[in-house]
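Undergrad: What follows is a single structure, and I will ask about it in a moment.
The values are calculated or read from the model by the stated rules, or taken from the named source; none is laboratory data. What you see is a predicted model, and the numbers here were worked out from it, not measured in a lab. Positions of Cβ are backbone-derived with ideal geometry, glycine not excepted, and every protein chain shown enters the neighbour counts. When the accessible area is computed, the model is the full protein with side chains, heavy atoms only, and any ligands, DNA or RNA have been set aside. Shrake-Rupley method; radii C 1.70, N 1.55, O 1.52, S 1.80 Å.
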Amino acid sequence: MSSKAVLFKTIFMKEWRILKSYAFNLVMSILSIYILFLFVFYGMKAMASPIMFDNTAEGIIIGFLLWITSILSVETLSWDLMEEAKVGTLEQLSMTPFGLGSISFFKILSSFVLNFIFIIPIFLLMMLTTGMWLYINILSLLPLFIFALASVWGLSFMLGGLVLIFKRIQAVFQLIQWLLLGCIILSASAVSVFLPLAFGTRLIGEIMVSGASLLSLSPVDLLMLMANGAIYLGIGYFIFGQCIKISKKKGLLGQY
Amino acid sequence: MLEIQDLVKVYKNKNKKIRAIDEISFKIKEGEAVGILGPNGAGKTTTIKCICDLIIPTSGMITLNGVDTLKHPSLVASSISAVLEGNRNIYWRLTTEQNLEFFAGLMGKKVKKDRMDELIKNFDLTEKRKTQARFLSRGMQQKLAVACALIKDTPILLLDEPTLGLDVVSSHSLRKHIKEMVTKSKKTLLLSTHDMGVVKEVCDRVIIINHGKIVTDDSVNNLLSLFRTRSYMFLIENNPGAIDAIKREFGVSVKTINKKVEVLVNISNSNQFYEFTERLKSYGCKIDSVKEINPDFEEIFMKLVEEKDEQ
C-alpha cells in the first residue's frame, strides 16, 4: 500500500470512528434531513398547481439531494478544522510530510464517501415516501457526483482557509447554503457552466430522469463539467495554501 | 544537527510590535537532550513552533543537517515530532490503540504492532489500550500524547511543557518515562518546561530564555557547579557572645532552635572551611553536625533571569 493510500485509510478510519462515537447525533442528522425534505416536498405540492408540480417533482427530489450533499461537502472540512483547532490536534495534522493541504483533501474525500453511504438510504426513503422512482445508475452517477462536487470542494477549501485564520465562520455557512441553492435553481440557465454545482446538477438530473448512461451525455458537456470542477478545486486549494501561510505567519494555527 | 541562527519572531498587534523571540541562536547535536527554561512569555513555545514549521519566523534560519527547513517543510515533518499542549494533542474519542494507529498513519506508515505494544507497555498503558482517551487520567493522556509522538519514529522529539498541570506522582512518572526513552532510543530531545526537576533529570544541557533572548546556554552540571555556593549548615550549641562575634567576622546567617543554633555559612575553598571550624572551636562552640547545602536549580534559574533583567 502506498504512503498516500495509508494516509487516506488512516483519515477515513478516524472520521468513521469519531462519527460512530456520536451515533445519536448521526441518527438525528439523518432524521432531520428526511423531515426537512418532507416539508420542502409537501410544502411545494400544497402551494403549486398540480400540473406545475408534476413537471417539477423529480427536480425537487434531485435538487434537494444535491443541495444537502453539497452543504455537507462544503461545511465538513470547516467544521472539522474548527473542531481540530478547538481540541488542539490541528497542529499535529500540520506536522506530517504530506502537509495540511493533502490531509484536508483526504478529509473531504472521506466525508464524501461517508456522506454518500448515509445519503443513499435517505434518498431511497425520499423516493419511497413520494412514490417517485428515479433511475439510479451508480456507475454513471458516481463520476458525475464527483465532478459536480469538485467545485463544491473548492469552496470547501476556501472556507477551510478562512477557518485557519478567523476560527469561527458559522455566519458564512448560512450565506453559502443559500448560494448553493441559488446555483441549483440556476442549473437550467446558460450561466450554469460558470457556477459551482449548477452544471453538474443539470447533467445529474438528465441521467436520473431519463435513465440514460454517462456515455449518452455530450463529451463537450462532460469536459465543461470537469473543467468547472477542476478550476474551482484548483482555486480553492490555492487559497487554502495561502491561508495556511498567513496562519503560520501570524502564529494562529494552534489558537482557537 | 539542528541549528537555529538569529531567529526572530515579531508579532504585529494593531500598532504594537511584540518581539516574541529576539535573535536566538543555538545548536543541538544528534542524541543530545536539551531543555529550554524560561518564565511565561519568554519565547519558549514560539521557538519550538518555529522549529516545527508551525510558525514562520520573521527572520533567521533553521537548518537540519545543513538543510534549510523553512524551504523544505516536509523535511521537518519527517524528522521532527512534537507534543505541544500535552493532553490536547490526542483524540479523546479514539482509544489508546486507535490514537497510536492514527499518528503512525499520518506519516504514511502502517503501525508496527511490535512498536505499538512496546510503547503501550513502556508507558504503563497496557490495561487502557482499548479505552477511549477521554476516560484516561490527565497523566495517562499526556503519556499517550508522548507515545503518539514517539510512534512517528522521527529522530528528533520536541516536548512543550510535557508535565504541565500534572500532579506530583504523574509528573514524576512521565519524567521517568521520558528519561528512559531518551536513554534507550538516543533521540535528540528539545524540551521546554517550567519544571526545573524535569530539566535536571532528563537534559544534558539547558538554555534559559527570557524576554525572547537567550540568558544562558550551558550544560546542566556546569550551571550547577557555577553557582555552587558551597554553603554549609553548622548546628552548634547556643553561645550568644560567640555567635555575635562569628556573625561580625563571617557574615553568617543564624537561626536559633531551642538551645541550639543553626549557622549557615558560604565558604569558597577548603581552607576557609577549616579556618571557620577552628574559629568556632576557639570560641568554645561545640559543633553537633555539619551539612553541605547544595544549590537549588530553581534558585539558579531565578538568579540568572534576574541578573539579565538588571543588565
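Undergrad: Just give the residues from the stretch A:1-46 buried by at least 30 square angstrom of accessible area in the all-chains context relative to the isolated chain, probe 1.4 Å, and say none if nothing qualifies.
TA: Hits at the 30 Å² cut-off: A:6, A:10, A:14, A:17, A:18, A:21, A:22.
Undergrad: Here is a further query. So what is the relative contact order of the stretch B:100-253, in percent, for Cα pairs below 8 Å that sit 6 or more residues apart?
TA: Relative contact order of the stretch B:100-253: 15 percent.
Undergrad: In addition: Restricting to chain B, what percent of DSSP beta bridges are antiparallel, rounded to 5?
TA: So the antiparallel bridges in chain B amount to around 70 percent.
Undergrad: Please give the average number of partner chain Cβ atoms lying within 10 Å of the Cβ of each residue in A:49-58, rounded to a whole number.
TA: Mean shielding by partner chains, rounded to a whole number: 0.
Undergrad: Next up: Work out the mean other chain Cβ neighbour count within 10 Å for the residues of A:92-105 and drop it here as an integer.
TA: Mean number of neighbouring Cβ atoms from other chains: 5.
Undergrad: Of the heavy-atom accessible surface of the stretch B:2-225 (probe 1.4 angstrom), what whole percent is carbon and sulfur?
TA: Result for the stretch B:2-225: 49 percent of the exposed heavy-atom area is carbon or sulfur.
Undergrad: By per-residue mean of other Cβ atoms within 10 Å, what is the highest-first order of B:115-123, B:52-60, B:129-137?
TA: The most tightly packed comes first, giving B:52-60, B:115-123, B:129-137.
Undergrad: Another question, then. Whole number in Å², please: accessible area per residue of the stretch B:2-225, 1.4 Å probe, ligands, DNA and RNA not counted.
TA: 42
Undergrad: Work out the mean other chain Cβ neighbour count within 10 Å for the residues of B:134-140 and drop it here as an integer.
TA: 0
Undergrad: Leaving out ligands and nucleic acids, and using a 1.4 Å probe, what accessible area per residue does the stretch B:229-293 come to in Å²?
TA: Averaged over the residues of the stretch B:229-293, the accessible area is 64 Å².
Undergrad: Turning to a different aspect of this structure: In degrees between 0 and 90, to the nearest 10, how far off the longest principal axis of chain A does helix A:138-166 point, with axes built from Cα atoms?
TA: Result, in degrees: 40.
Undergrad: Let me ask another. What is the angle, in °, between the Cα long axis of helix A:219-250 and the longest principal axis of the Cα atoms in chain A? Nearest 10 is fine, range 0 to 90.
TA: 30
Undergrad: Label points 7 Å out from Cα along the Cβ direction at residue B:293 and residue A:133: separation in nm?
TA: It is 9.3 nm.
Undergrad: Compute the relative contact order of chain B as a whole-number percentage, counting only Cα pairs closer than 8 Å that sit 6 or more residues apart in sequence.
TA: 19
Undergrad: In square angstrom and rounded to 100, what buried accessible area do you get between chains B and A, total over both, with the probe at 1.4 Å?
TA: The summed interface area works out to 2800 Å².
Undergrad: Then there's this: At 222 nm, what value in deg cm²/dmol follows for chain A if DSSP H runs of at least 4 each add -39500 (n - 2.57) and the sum is divided by all its residues, to the nearest 500?
TA: Using -39500 (n - 2.57) per qualifying helix, the result is -28500 deg cm²/dmol.
Undergrad: List, by residue number, every residue in the stretch B:100-117 with a reduction of 10 Å² or greater in accessible area between the chain on its own and the complete protein assembly, 1.4 Å probe.
TA: Going by heavy-atom accessible area, the residues of the stretch B:100-117 that drop by at least 10 Å² are B:101, B:102, B:103, B:105, B:106, B:107, B:108, B:110.
Undergrad: Whole-Hz Karplus ³J(HN,Hα) for the stretch B:207-212, in order, using 6.51 cos²θ - 1.76 cosθ + 1.60 and θ = phi - 60°, x for Gly and Pro?
TA: 10, 9, 10, 8, 6, x
Undergrad: I would also like to ask the following. For the ranges A:100-106, A:249-255, what's the packing order if you count other beta-carbon atoms within 10 Å of each residue, average per peptide, and put the highest first?
TA: Descending packing order for the listed peptides: A:100-106, A:249-255.
Undergrad: Tally up the carbon and sulfur contribution to the accessible surface of chain A as a whole percent, 1.4 Å probe, everything protein left in place.
TA: 74
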